[in-house]
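Enquirer: Please find one structure pasted underneath; my questions will follow.
The values are calculated or read from the model by the stated rules, or taken from the named source; none is laboratory data. Since the model is a prediction, treat every value here as computed from it, not as a measurement. Please note: Cβ atoms are built from the backbone with ideal geometry, for glycine as well, and neighbour counts cover all protein chains shown.
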Amino acid sequence: MKNKNKLLLYLSASFALVSTAHTQEKDKPELSAMSVVDTKTEAPKMSSTLKSSGALEDIPQSISVMTNTQFKAQGLNSIGDIIDYTPGVVTSQGEGHRDAAVIRGQRTTSDFYLDGVRDDVQYYRPLYNVEQVEVLRGSNALVTGFGGAYGLINRVSKKGVIGEDFTTVQGSVDTFGEINAQVDKNVNFGDKALRINMFAESLENHRDFYYGDSFGVTPTMHFNFDGATLDLSYEYLDQERFIDRGIPTGADLQPIESFKDIVFGDATENLSTHEAHILRAILETELSDTFTGKFKLAHSKHDKLYQNLYASSYTAGQTPDQVTLDGYVDTTKRESTTLSADITGEVQTGGILHNLLAGVEYISINNDNNRYNTSVVGNDTFNVAIARNLGISNNSFQGQVEGVALDGTNSIALTNSYTTDSQDEAYADVSVFSLYLQDQIALTDALDLVLGLRYNKFEFDVRDVENDDDVVDTDSEVSPRVGLIFDATENMSLYAAYSESMTARNDEQYADIKGDDALTDANTFENLEAGINLKLSDRISLNAAVFKLTAVKPDWISDTETKMRESEVTGFELQVIGSLIGGLYTTASYASLDAETNLSGTIVPSQEAPENMFSIWNNYLVNDKFSMNLGVIYQDSSIIDHDDSSPRAFLPDYTRVDAGAAYALTDNTRLQVRVENLFDEVYFPNAHDTHQATVGAPVNAMFTITSSF
């Protein structure tokens, strides 16, 4: 989708949709400079999509909720942007083609959910159709099944709004040349409403050769019956982008800053494409005066390809120094169907009130994968020289096929093939059947006991063509949960919780299921957490937690031997949200992690787990038309790799300052600017492996205009 004409076509379709709004003059919303984060806004609440709706102080675990209005105010455009302002969670590189998070020291690409339904395909999830994002830390396996063992990220989709007609249009451009346009249109039909969300974007950034084009549209229909609601939606996504795996680390074990302008890859062949069709139906109905039922049906079809060259090793001290490139092409075709039904309600027995949750869920996944390694003159890796001694500051590898080696004087064309060295070909059928039950018992007016249990049965049937092997495996596991919630005062509650959970060893990499135990055995997790939820005033809330997470993961040594890798993460999280003074809205968070892993009998720091993380964002309403923003992110140094080597490569600590402002041009049109990395800090926010460190963007600005009709 490199053709910009496609983007123009998408934008034309978007604005054609908008043009119909001019006939809808009634109930048009007003936009002020700070309508997105008003100081009188109530504290965010959990949606019902994860079976735990309501005030955060009534749920025994750490939760951060960011509403659409807040991330619009901050100018945040991705899941990664939201993670930057979430305690206990950091971004991982995701190899340049997918969302990846590190939740309490555990890297994941699978613990993503959409309206409470597992969304485990590797891609970048846009926010154009999202009402709020919920980041839960600690075990959620009781309500989410396989996955959610240490936390998850749930997107809550926008729904049709009955009784309103509105259209909101947003356009953005930044100083790199990136363009984004969004439309949000709602049409009221009495007891039902149609809502259409659409976006189109052309991506650019600070790195050479980078490009990206995306389009998405989500029509959703909301029905309101007598005692019931029904939401039907369909989402179509079409995405393509350049893959940038970052830069190597040097002799000092840090990313080589002098390489920050070099792209280690191919200018035309490092790319990812993704097409998705996602259908959802959610029915919520009153079963009686005290019980409510919720039924979900979701079906998704994803077609994903990514291929890349990347730096796999670096050797200094030669003339010139040497960087080794490796690469592969990988395709995934995945269809998933999820059916779930649960009931919630209250029952009183013997004078004791029980808040019950009971449900059943079935997930069916069909997954086809193949992978081919690079093949250069019969090898799967090749060396490329970095001619720093010649003063070449940007010798990005844009060779005739896959790369160019600079020998100090000449460019040498390298011929590569992605079709001769097969690495994987696998066809998987996976099914998961679950039953779950939770009882929140009001022992006294101030003390609740939470007891829960989930049973999962996993069935894997994988045809491994590459090794001419069939793997059929069935696993069953039970995830228990127990917690106490104590309302010490009207404004303060305390909680303690314990849980055990399991995730499949292969996570969402179903092609990796092979005949050896290390790839079929489960990962196990134990979570212990205690916390406090405190209302400091009507407008300020404080949440804090201490926790201990123990993870045991089998590692493959040989076809007949497996070793266990155990990690332990203890930590502290703090979050303060609210209005400290009139006109000022603040959200601040801090997290401290002590993460250790047992590698070959040696206790070493865990990868991607900075000891300290801090963020703060302020929005100040100067007057009815003008507001200003200021945000600061600090992340401590963190280990990059996960192998047994010592010493180990790391990312240095960094501080990034963001600023912004918004001005109401008219009652229904707002202009915003967000400046990222205000002081032009050189930093490396994340990595995938030792020689693949992401280069943070220099100072840049995004300008956005939003109008409602």
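Enquirer: With the requirement that a residue be over 22 Å from residue 238 (Cα atoms), in a strand (DSSP E or B) and not hydrophobic (A, V, I, L, M, F, W, C), what does the range 128-148 give you?
Expert: Scanning the range 128-148 gives 132, 134, 137.
Enquirer: Can you tell me which residue in the range 578-595 is surrounded by the most Cβ atoms within 10 Å (Cβ to Cβ), limited to those that are over 17 Å from residue 534 (Cα atoms) and among the hydroxyl-bearing types (Ser, Thr, Tyr)? Reasoning before the result, please.
Expert: We begin by selecting, within the range 578-595, every residue over 17 Å from residue 534 (Cα atoms); these are 581-585, 591-595.
Filter again for among the hydroxyl-bearing types (Ser, Thr, Tyr), leaving 585, 592.
Numbers: 585: 26, 592: 18.
Taking the candidates together, the pick is 585.
Enquirer: Let me ask something else. Can you tell me how many residues in the range 116-138 are within 14 Å of the chain's Cα centre (by Cα), over 27 Å from residue 568 (Cβ atoms) and acidic (Asp, Glu)?
Expert: 1
Enquirer: Tally up the residues in the range 262-284 that are in contact (Cβ under 8 Å) with a residue 60 or more places away in the chain and within 30 Å of residue 357 (Cα to Cα), please.
Expert: Residues meeting the conditions: 4.
Enquirer: Now for a different question. Sort through 244, 266 and tell me the only one that's touching a Lys or Arg at 6+ places or on another chain (Cβ under 8 Å) and crowded, with 23+ Cβ neighbours inside 10 Å.
Expert: Unique residue meeting the criteria: 244.
Enquirer: Ok, one more. Could you look through the range 314-350, keep only residues that are β-branched (Val, Ile, Thr) and at pLDDT below 85, and pick out the one that is farthest from residue 510 (Cα to Cα)? First the steps, then the outcome.
Expert: At the first step, the residues of the range 314-350 found to be β-branched (Val, Ile, Thr) are 315, 319, 323-324, 329, 331-332, 337-338, 343-344, 347, 349.
In the following step, the residues that additionally are at pLDDT below 85 were identified as 315, 319, 323-324.
On the way: 315: 35, 319: 43, 323: 32, 324: 29 Å.
That would be 319.
Enquirer: Take the residues of the range 418-459 that are in contact with a strand residue (DSSP E or B) (Cβ under 7 Å, 6 or more places away or on another chain) and not in a strand (DSSP E or B): which is nearest to residue 352 (Cα to Cα)? Outline the logic, then answer.
Expert: Just the residues of the range 418-459 that are in contact with a strand residue (DSSP E or B) (Cβ under 7 Å, 6 or more places away or on another chain), to begin with: 418-443, 446-459.
Of the ones still in play, those that are also not in a strand (DSSP E or B) are 443, 446.
Details: 443: 6, 446: 12 Å.
Among them, the one singled out is 443.
Enquirer: Let me ask something else about it. What pairs come out if I take residues in the range 78-97 that are touching a residue at least 60 places away in the same chain (Cβ under 8 Å) and pair them with residues that are in a loop (DSSP other than H, G, I, E, B) and of a type in the set (D, E, K, R) whose C-beta lies under 7 Å away, six or more apart or interchain?
Expert: 79/99; 79/125; 88/104; 90/608; 92/608; 95/245; 96/244; 96/245
Table: residues versus (1) in contact with an Asp or Glu (Cβ under 6 Å, 6 or more places away or on another chain); (2) modelled with pLDDT of 95 or more; (3) polar (S, T, N, Q).
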| position | (1), (2), (3) |
| --- | --- |
| 598 | yes, no, yes |
| 608 | no, no, no |
| 614 | no, yes, no |
| 619 | no, no, yes |
| 634 | no, yes, no |
| 652 | no, yes, no |
| 676 | yes, yes, no |
| 694 | no, yes, yes |
| 703 | no, yes, no |
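Enquirer: Next up: For residues in the range 460-495 being modelled with pLDDT of 85 or more and outside any strand (DSSP E or B), which is farthest from residue 369 (Cα to Cα)?
Expert: The extreme case among them is 490.
Enquirer: Taking the range 104-137 only, how many residues are basic (Lys, Arg) and crowded, with 24+ Cβ neighbours inside 10 Å? Steps first, please.
Expert: Going residue by residue through the range 104-137, those that are basic (Lys, Arg) are 104, 107, 118, 125, 137.
Among the residues that remain, those that are also crowded, with 24+ Cβ neighbours inside 10 Å are: 104, 118, 137.
Count: 3.
Enquirer: Among the candidates 78, 53, which residue alone is modelled with pLDDT under 80 and surrounded by fewer than 22 Cβ atoms within 10 Å (Cβ to Cβ)? Quick ask: steps written out before the conclusion?
Expert: Numbers: 78 fails: modelled with pLDDT under 80.
The unique qualifying residue is 53.
Enquirer: Can you spot a residue in the range 693-708 that is in a loop (DSSP other than H, G, I, E, B) and of a type in the set (Gly, Ala, Ser)? Break it down into steps so the answer makes sense when it comes.
Expert: So the first thing to find is which residues in the range 693-708 are in a loop (DSSP other than H, G, I, E, B), and the list is 694-699.
Next, from what is left, pick out any that are of a type in the set (Gly, Ala, Ser): 696-697.
Checked against the condition, which is being in a loop (DSSP other than H, G, I, E, B) and of a type in the set (Gly, Ala, Ser), the range 693-708 yields at least one hit.
Enquirer: Next question. Mind listing whichever residues of the range 496-514 are at pLDDT 90 or above and surrounded by 22 or more Cβ atoms within 10 Å (Cβ to Cβ)?
Expert: Across the range 496-514, the qualifying residues are 497, 499.
Enquirer: Hey, another quick one. Checking residue 446 against (1) closer than 30 Å to residue 542 by Cα; (2) out of contact with any Phe, Trp or Tyr (no Cβ under 7 Å at 6 or more places or on another chain); (3) free of Cβ contacts under 8 Å to residues at least 60 places away in the same chain: exactly one of these is not met. Which one?
Expert: All conditions are met except number (2).
Enquirer: A further question follows. Output the number of the condition that residue 613 fails; it satisfies all remaining conditions of (1) touching a residue at least 24 places away in the same chain (Cβ under 8 Å); (2) closer than 20 Å to residue 536 by Cα.
Expert: Condition not satisfied by residue 613: (2).
Enquirer: Same structure, new question: Among the strands (runs of 3 or more DSSP E) contained in the range 564-642, which hold 3 or more residues that are under 21 Å from the mean Cα position of the chain (by Cα)?
Expert: Working: elements: 584-599, 602-605, 612-621, 626-635.
Because the criterion is at least 3 residues that are under 21 Å from the mean Cα position of the chain (by Cα), the strands (runs of 3 or more DSSP E) in the range 564-642 that meet it are 584-599, 612-621, 626-635.
Enquirer: If a residue has to be over 27 Å from the mean Cα position of the chain (by Cα), β-branched (Val, Ile, Thr) and either buried (at least 20 other Cβ atoms within 10 Å of the Cβ) or assigned to a strand (DSSP E or B) (or both) to count, how many in the range 159-183 make the cut?
Expert: Keep residues of the range 159-183 that are over 27 Å from the mean Cα position of the chain (by Cα), which gives 162-167.
Now restrict to residues that are β-branched (Val, Ile, Thr): 162, 167.
Adding the requirement that they be either buried (at least 20 other Cβ atoms within 10 Å of the Cβ) or assigned to a strand (DSSP E or B) (or both) leaves 167.
Residues that pass the stated criteria total 1.
Enquirer: Here is a check on your reading of the model: is residue 675 assigned to a strand (DSSP E or B) and either closer than 28 Å to residue 259 by Cα or without any contact (Cβ under 8 Å) to a residue 60 or more places away in the chain (or both)?
Expert: Values: assigned to a strand (DSSP E or B): yes; either closer than 28 Å to residue 259 by Cα or without any contact (Cβ under 8 Å) to a residue 60 or more places away in the chain (or both): yes.
Answer is yes for this residue.
Enquirer: Among the listed residues 73, 141, 101, identify the single one that is surrounded by 24 or more Cβ atoms within 10 Å (Cβ to Cβ), within 9 Å of the chain's Cα centre (by Cα) and of a type in the set (A, V, I, L, M, F, W, C). Quick ask: steps written out before the conclusion?
Expert: Values: 73 fails: within 9 Å of the chain's Cα centre (by Cα); 141 fails: within 9 Å of the chain's Cα centre (by Cα).
Matching residue, one of 73, 141, 101: 101.
Enquirer: Right, next: May I ask you to say which residue of 283, 297, 287 is surrounded by fewer than 16 Cβ atoms within 10 Å (Cβ to Cβ) and at pLDDT 85 or above?
Expert: On the way: 283 fails: surrounded by fewer than 16 Cβ atoms within 10 Å (Cβ to Cβ); 297 fails: surrounded by fewer than 16 Cβ atoms within 10 Å (Cβ to Cβ).
Going through 283, 297, 287 in turn, just one is surrounded by fewer than 16 Cβ atoms within 10 Å (Cβ to Cβ) and at pLDDT 85 or above: 287.
Enquirer: A follow-up question, please. Out of curiosity, is residue 257 in contact with a strand residue (DSSP E or B) (Cβ under 6 Å, 6 or more places away or on another chain) and in contact (Cβ under 8 Å) with a residue 12 or more places away in the chain?
Expert: Numbers: in contact with a strand residue (DSSP E or B) (Cβ under 6 Å, 6 or more places away or on another chain): no; in contact (Cβ under 8 Å) with a residue 12 or more places away in the chain: yes.
It is false that residue 257 is in contact with a strand residue (DSSP E or B) (Cβ under 6 Å, 6 or more places away or on another chain) and in contact (Cβ under 8 Å) with a residue 12 or more places away in the chain.
Enquirer: Can I ask one more? Tally up the residues in the range 657-672 that are part of a strand (DSSP E or B) and acidic (Asp, Glu), please.
Expert: Going through the range 657-672 one residue at a time, the tally reaches 1.
Enquirer: Same structure again: So which of 637, 606, 627 ends up being closer than 21 Å to residue 569 by Cα, of a type in the set (Ser, Thr, Tyr) and either in contact (Cβ under 8 Å) with a residue 60 or more places away in the chain or touching a Ser or Thr at 6+ places or on another chain (Cβ under 8 Å) (or both)? Can you show your working first?
Expert: Details: 637 fails: either in contact (Cβ under 8 Å) with a residue 60 or more places away in the chain or touching a Ser or Thr at 6+ places or on another chain (Cβ under 8 Å) (or both); 627 fails: closer than 21 Å to residue 569 by Cα.
So the residue among 637, 606, 627 that is closer than 21 Å to residue 569 by Cα, of a type in the set (Ser, Thr, Tyr) and either in contact (Cβ under 8 Å) with a residue 60 or more places away in the chain or touching a Ser or Thr at 6+ places or on another chain (Cβ under 8 Å) (or both) is 606.
Enquirer: Taking the range 149-158, which residues are in a strand (DSSP E or B) and over 18 Å from residue 217 (Cα atoms)?
Expert: If the condition is that a residue be in a strand (DSSP E or B) and over 18 Å from residue 217 (Cα atoms), then 151, 152, 153, 154 are the ones that fit.
Enquirer: Moving on to the next point. Please pick out the residue among 679, 709 that is of a type outside the set (A, V, I, L, M), farther than 21 Å from residue 100 by Cβ and in contact with a helix residue (DSSP H, G or I) (Cβ under 7 Å, 6 or more places away or on another chain). Before the answer, list the steps.
Expert: On the way: 679 fails: in contact with a helix residue (DSSP H, G or I) (Cβ under 7 Å, 6 or more places away or on another chain).
Of 679, 709, the one residue that is of a type outside the set (A, V, I, L, M), farther than 21 Å from residue 100 by Cβ and in contact with a helix residue (DSSP H, G or I) (Cβ under 7 Å, 6 or more places away or on another chain) is 709.
Enquirer: Also: With the structure loaded, tell me whether residue 286 is acidic (Asp, Glu) and either closer than 30 Å to residue 344 by Cβ or within 25 Å of the chain's Cα centre (by Cα) (or both) or whether it fails that test. Reasoning before the result, please.
Expert: Numbers: acidic (Asp, Glu): yes; either closer than 30 Å to residue 344 by Cβ or within 25 Å of the chain's Cα centre (by Cα) (or both): yes.
It is true that residue 286 is acidic (Asp, Glu) and either closer than 30 Å to residue 344 by Cβ or within 25 Å of the chain's Cα centre (by Cα) (or both).
Enquirer: Additional query: Filter the range 444-471 down to the residues that are closer than 27 Å to residue 425 by Cβ, surrounded by fewer than 18 Cβ atoms within 10 Å (Cβ to Cβ) and either over 31 Å from the mean Cα position of the chain (by Cα) or of a type in the set (Asp, Glu) (or both) and list them by number. Please lay out each step first, then the result.
Expert: Narrowing the range 444-471 to residues closer than 27 Å to residue 425 by Cβ: 458-471.
From what's left, surrounded by fewer than 18 Cβ atoms within 10 Å (Cβ to Cβ): 459, 461, 463, 465-470.
Once the filter is applied, which keeps residues that are closer than 27 Å to residue 425 by Cβ, surrounded by fewer than 18 Cβ atoms within 10 Å (Cβ to Cβ) and either over 31 Å from the mean Cα position of the chain (by Cα) or of a type in the set (Asp, Glu) (or both), the range 444-471 yields 459, 461, 465, 466, 467, 468, 469, 470.
Enquirer: Among the residues of the range 261-276, are any over 20 Å from the mean Cα position of the chain (by Cα), part of a strand (DSSP E or B) and acidic (Asp, Glu)?
Expert: No: zero hits.
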